[in-house]
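**Student:** Have a look at this one before I ask anything.
The values are calculated or read from the model by the stated rules, or taken from the named source; none is laboratory data. On a predicted model such as this, the values are computed, not experimentally measured, just so you know. No Cβ is skipped: glycine too gets one built from the backbone with ideal geometry, and neighbour counts run over all protein chains shown.
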Amino acid sequence: MTPVSDKGRLRECVVGSGSRFVSGISCYTVRLANALAQPYDVSTILMRRLLPARFYPGRDRIGKSLSGLHFGPTVRVFDGVDWYWMPSILRAVAFLKRQRPDVIVLQWWSGTVFHSYLMLALAARLRGGRVVIEFHEVLDTGELRLAFARAYVKVIAPLLVRLANAFVVHSNFDRAAVQERFRFKNRPVAVIPHGPYDHYRTEAGPSTHRSAPASVFNILFFGVIRPFKGLEDLIRAFDAIPEDEIGRYWLTVVGETWEGWKLPGELIAASRYRQRITFVNRYVRDDEVAGFYAGADVVVLPYHRSSASGPLHIAMSCGLPVIVTRVGGLTEAVAGYDGAILVPPRDPNALGEALLKAAAMTQQRYQDPHAWAQTVGHYEALCSAVSFGWRPVQEAAL
C-alpha cells in the first residue's frame, strides 16, 4: 500500500525558497504546497538565507515584505534553513522527524541550497521516505560563471541526484536536458506542467500602474533583467517602429537588473522613443504586479533560453496576449493557449511583426489551459509510481 499519515492521507514535505530572498520560486513553493494540501497532509521547509547577502543580486530588498502569498492553514511551515547551517539545519531535521513525510519534494533552482538539500534528503531516506526533485531549470547560468560555484555544484549535485527516487520537470524539453546531464537510468521522470499564477487576477483595477495613455497599445516586459531574457531585442524592435506609427504604441519594462546586465537600460536611455517607455528598474510588490498586468495589452518575453517562466504564467492567468520565443519549455507551456504568438529568438524583426499582429488582439482575453488540479493529479500518479514501483511504459502519461 501507499504509506499514509495517521489521518489516512499521504504525508508530503515541500522544500523550497522562503520569502526572505523572495523570488518566483518562493511563489511556486507556496502555490504547490497549498495545492497538494487538498489531497495530502503537507508540511514545508523553507530555505531562509540562501547565501551571504553581499553576493545576492537583489540584496537591497532582502527581508522586505514584497509578497502577499501565504501558506494555507493546514500546511505546517518551518522557516527556515540558513546557508551556514547552525543551528537551523538541526532544527529542520528535527522538524522533518516530527512530520514523518512519506515523500519529500525538493525544488531545484539554485546551487546555493544543494548542501542543505543533501542533508534533508539523507534524513528523509534514512527513515524510509521517498525523495522527489522538481527541476525549474537544469543549472543557473549566472551561478556557473563563478569558479567556486561550478566546483560546488559539480561535487554536490550528483550526490543529491543519487538520493532521489523520482524527478519532476515542466516540459519534455527539460526532461531530455536533465536526463542527458544526470543519467537517471530507469528512475521515473514525470512531466508536470507549471501551475497557473492566477492569484494576481483580482488584486487591482484595469487602469492601475499604467503610464501609457488609454488609447495606445501598451507592451509589457516583466521579470528579472538578465542576459538570457533578451530584453534588448524587444527594445530594438520597439525602436524600429516607424515614426508615423509609434503614436499607437507604448513600452513598459518592469524588472530588477541582475548580473550587471546594463545593456537594456542603456538602450532605453538612448532610444529615440525614450518618452514612450516606462522603465521600473526594481523588484515590485505583488499588488504592483497585478496592476502592471492589468494595465498591459500584451506581454512580451523574448528569452534566449528558458525552462519555464513565472511572468508567462501570470500573463496566461490574466488572459492576455503573449509573444514568446521558441526556446526551451516555453513552446510547451503555451500549447493550448490561443493568445500566444511564437517567434524565433534573437530576432527583433520578428518581434516587430508579432507586435503588429498582437495589436489586433487588444480587446480579446483567453482561457488559461493550466490548473493546479492538474498538477495535483500528476503528483498523485507520480507518488503512486514511487510507492508501488516504477513502470517505464507509463512515463509519458505522467
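**Student:** Could you pull out the residue among Val153, Val168 that is among the β-branched types (Val, Ile, Thr), surrounded by 14 or more Cβ atoms within 10 Å (Cβ to Cβ) and at pLDDT below 90?
**Tutor:** Val153
**Student:** Looking only at segment 238-255, count how many residues are surrounded by fewer than 12 Cβ atoms within 10 Å (Cβ to Cβ) and either hydroxyl-bearing (Ser, Thr, Tyr) or on the phi > 0 side of the Ramachandran plot (or both).
**Tutor:** Residues in segment 238-255 being surrounded by fewer than 12 Cβ atoms within 10 Å (Cβ to Cβ) and either hydroxyl-bearing (Ser, Thr, Tyr) or on the phi > 0 side of the Ramachandran plot (or both): 0 in total.
**Student:** Considering only residues that are of a type in the set (Lys, Arg) and more than 22 Å from the chain's Cα centre (by Cα), look in segment 56-112 and name the one that is surrounded by the fewest Cβ atoms within 10 Å (Cβ to Cβ).
**Tutor:** Among residues in segment 56-112 that are of a type in the set (Lys, Arg) and more than 22 Å from the chain's Cα centre (by Cα), the one surrounded by the fewest Cβ atoms within 10 Å (Cβ to Cβ) is Arg98.
**Student:** State whether the residues of segment 315-327 include one that is modelled with pLDDT of 95 or more, among the small types (Gly, Ala, Ser), part of a helix (DSSP H, G or I) and touching a strand residue (DSSP E or B) at 6+ places or on another chain (Cβ under 9 Å).
**Tutor:** Looking through segment 315-327, at least one residue is modelled with pLDDT of 95 or more, among the small types (Gly, Ala, Ser), part of a helix (DSSP H, G or I) and touching a strand residue (DSSP E or B) at 6+ places or on another chain (Cβ under 9 Å).
**Student:** If Asp79 satisfies every condition in (1) outside any loop (DSSP other than H, G, I, E, B); (2) in contact with a helix residue (DSSP H, G or I) (Cβ under 8 Å, 6 or more places away or on another chain); (3) within 30 Å of His370 (Cβ to Cβ) but one, which is the exception?
**Tutor:** Going through (1) outside any loop (DSSP other than H, G, I, E, B); (2) in contact with a helix residue (DSSP H, G or I) (Cβ under 8 Å, 6 or more places away or on another chain); (3) within 30 Å of His370 (Cβ to Cβ) one by one, Asp79 breaks only (2).
**Student:** Does Asp297 satisfy being surrounded by fewer than 17 Cβ atoms within 10 Å (Cβ to Cβ) and of a type outside the set (S, T, N, Q)?
**Tutor:** no
**Student:** Before we move on, is Val289 among the β-branched types (Val, Ile, Thr), buried (at least 22 other Cβ atoms within 10 Å of the Cβ) and over 18 Å from Gln363 (Cα atoms)?
**Tutor:** yes
**Student:** Starting from residues that are small (Gly, Ala, Ser) and at pLDDT 95 or above, keep the ones in segment 20-42 and report whichever is farthest from Ser317 (Cα to Cα).
**Tutor:** Across segment 20-42, the extreme among qualifying residues is Ala37.
**Student:** A further question follows. Within segment 165-193, can you find the residues that are aliphatic (A, V, I, L, M), closer than 17 Å to Ser110 by Cβ and not in a helix (DSSP H, G or I)?
**Tutor:** Residues satisfying the conditions are Val168, Val169.
**Student:** Among the listed residues Ala333, Ala371, Ala358, which satisfies the condition of being on the phi < 0 side of the Ramachandran plot, under 20 Å from the mean Cα position of the chain (by Cα), crowded, with 21+ Cβ neighbours inside 10 Å and touching a residue at least 60 places away in the same chain (Cβ under 8 Å)?
**Tutor:** Ala333
**Student:** Within segment 82-137, can you find the residues that are among the aromatic types (Phe, Trp, Tyr) and either outside the structural domain of Ser43 (by TED's automatic domain parsing) or not in a helix (DSSP H, G or I) (or both)?
**Tutor:** Across segment 82-137, the qualifying residues are Trp83, Tyr84, Trp85, Trp108, Trp109, Phe135.
**Student:** Here are the criteria: (1) within 21 Å of Val30 (Cβ to Cβ); (2) without any contact (Cβ under 8 Å) to a residue 12 or more places away in the chain. Tell me which single one Leu126 does not satisfy.
**Tutor:** Leu126 satisfies all of (1) within 21 Å of Val30 (Cβ to Cβ); (2) without any contact (Cβ under 8 Å) to a residue 12 or more places away in the chain except (1).
**Student:** Checking the condition within 22 Å of Asn349 (Cα to Cα), in the same structural domain as Gly295 (by TED's automatic domain parsing) and crowded, with 20+ Cβ neighbours inside 10 Å, which residue from Leu267, Leu231 passes?
**Tutor:** Selected residue: Leu231, the only one of Leu267, Leu231 that is within 22 Å of Asn349 (Cα to Cα), in the same structural domain as Gly295 (by TED's automatic domain parsing) and crowded, with 20+ Cβ neighbours inside 10 Å.
**Student:** Here is a check on your reading of the model: is Gly16 under 17 Å from the mean Cα position of the chain (by Cα) and either of a type in the set (Gly, Ala, Ser) or closer than 22 Å to Ala290 by Cβ (or both)?
**Tutor:** For Gly16, the condition - under 17 Å from the mean Cα position of the chain (by Cα) and either of a type in the set (Gly, Ala, Ser) or closer than 22 Å to Ala290 by Cβ (or both) - is met.
**Student:** Which of the residues spanning segment 88-117 are without any contact (Cβ under 8 Å) to a residue 60 or more places away in the chain and either farther than 15 Å from Leu50 by Cα or in contact with a strand residue (DSSP E or B) (Cβ under 8 Å, 6 or more places away or on another chain) (or both)?
**Tutor:** Across segment 88-117, the qualifying residues are Ser88, Ile89, Leu90, Arg91, Ala92, Val93, Ala94, Phe95, Lys97, Arg98, Trp108.
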